[in-house]
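To keep things clear, I will list the structure first and then write my remarks on it.
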Amino acid sequence: MMNAVLTLHQVSKQFGKAAIIRDASLRVQAGERLALIGPNGAGKSTLFNLISGRSAPSSGQIMLNGKNIAGLAPFKIHRLGLSRSFQVTNIFPQLSVQENLRAAVLWSCGCKYTFWKRLRGLSEVNAKVDILLAQINLLHQRETFAHALTYAEQRALEIGITIAADTQLILLDEPTAGMSRQESELAVALIKNVTINKTLLMIEHDMNVVFDLADRIAVLVSGQIIACDTPEKIRANPLVQAAYLGDETRREDNKEIFG
Ligand SMILES: Nc1ncnc2c1ncn2[C@@H]1O[C@H](COP(=O)(O)OP(=O)(O)OP(=O)(O)O)[C@@H](O)[C@H]1O
């Protein structure tokens, strides 16, 4: 059996009396790209919040490399090897692109202020920033204030911030939301590139992106994982088709994929 980087075992989350996540179990294998899909309000962001420590599950286990991380603080989970991006772009708009990345690199290695004074330390950080700039195709924008980037460039910067810590597991929340088809295609290429030899778990609504990027797809409906399989098997799964074609908001988009 392949190595699981992340394992969810019967994870549930209640908000008051409402059961939002119900007995979710999932294995994310080392090196795979797994997309979490599901209709609006299915609980995808809630599940990401449980995995990344923003909130604690009501019950169940979340194992990161064999260690139960359920209920740990986000920074502790990060130190154990998980980074996440958010649905809403999360950058420092008043800092330049390279300053954003430098801050992420410094934060990720737990560097204190004094670290800046050590030239060797600083040049190591700058070298890492250069690698990140190249990976996210923003070398030519290094001095640009983050607020002046295009939306797609801001999302790329956010991915750079997310991967700065070199964690084994990367969680991306709707990385192509709001992008044009052409921007999405560039973002997919970028994500493929930066997740080589990493493990990716991502929430994504755009089925073209999902089918292009994912090795496997997990489908969440009303807080339950109803299927987790290869893209082809998910496409042919009648339960998934019913869930998607029943989703009024995306019926037309989804007809193309499942219809
Ligand atoms: N803190 C909270 N308190 C109460 N209910 C919540 C809370 N957070 C989320 N919910 C509810 O949980 C359900 C799932 O929300 P969630 O945002 O996880 O869904 P989602 O699948 O990410 O949706 P979308 O695709 O629209 O982003 C929704 O009904 C939401 O109202």
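Read-outs throughout are calculated quantities, based only on the coordinates presented, and are distinct from any laboratory measurement. Fair warning: this is a prediction, and the values are worked out from it, not measured in the lab. Virtual Cβ from ideal backbone geometry, glycine too; neighbours counted across all protein chains shown.
State the number of residues belonging to the range 150-166 that are in a loop (DSSP other than H, G, I, E, B) and surrounded by fewer than 21 Cβ atoms within 10 Å (Cβ to Cβ).
So the answer is 3.
Go through the range 75-89 and give me each residue that's away from the ligand (no atom under 16 Å from the Cβ) and surrounded by 15 or more Cβ atoms within 10 Å (Cβ to Cβ).
The answer is Ile77, His78, Leu80, Gly81, Leu82, Ser83.
Report the residue count in the range 1-54 for those that are farther than 25 Å from Gln241 by Cβ, near the ligand (Cβ under 9 Å from one of its atoms) and surrounded by 15 or more Cβ atoms within 10 Å (Cβ to Cβ).
2
Can you name the residue in the range 174-196 that is within 21 Å of Phe48 (Cα to Cα) and out of contact with any Lys or Arg (no Cβ under 7 Å at 6 or more places or on another chain) and, of all such residues, is surrounded by the most Cβ atoms within 10 Å (Cβ to Cβ)? Can you show your working first?
Taking the range 174-196 as the starting set, the residues that turn out to be within 21 Å of Phe48 (Cα to Cα) are 174-178, 187-188, 191-192, 194-195.
Imposing the further condition that a residue be out of contact with any Lys or Arg (no Cβ under 7 Å at 6 or more places or on another chain) reduces the set to 174, 176-178, 188, 191-192, 194.
On the way: Glu174: 20, Thr176: 25, Ala177: 18, Gly178: 12, Val188: 20, Ile191: 23, Lys192: 13, Val194: 19.
Once the filter is applied, the top-ranked residue is Thr176.
Just wondering, is there one or more residues in the range 93-101 that are within 16 Å of the ligand (Cβ to nearest atom) and either under 22 Å from Thr199 (Cα atoms) or over 18 Å from the mean Cα position of the chain (by Cα) (or both)? Break it down stepwise before answering.
Within the range 93-101, the first condition is being within 16 Å of the ligand (Cβ to nearest atom), and the residues that meet it are none.
Checking the range 93-101: not a single residue is within 16 Å of the ligand (Cβ to nearest atom) and either under 22 Å from Thr199 (Cα atoms) or over 18 Å from the mean Cα position of the chain (by Cα) (or both).
Filter the range 58-85 down to residues that are in a strand (DSSP E or B) and hydroxyl-bearing (Ser, Thr, Tyr) and give me whichever is farthest from Gln14 (Cα to Cα).
Once the filter is applied, the top-ranked residue is Ser83.
Taking Ile217, is it away from the ligand (no atom under 13 Å from the Cβ), out of contact with any Asp or Glu (no Cβ under 9 Å at 6 or more places or on another chain) and not charged (D, E, K, R)?
no
If I ask for residues that are in contact with a Leu (Cβ under 6 Å, 6 or more places away or on another chain) and under 15 Å from Ile21 (Cα atoms), which ones from the range 59-75 would you list?
Result: Ile62, single match.
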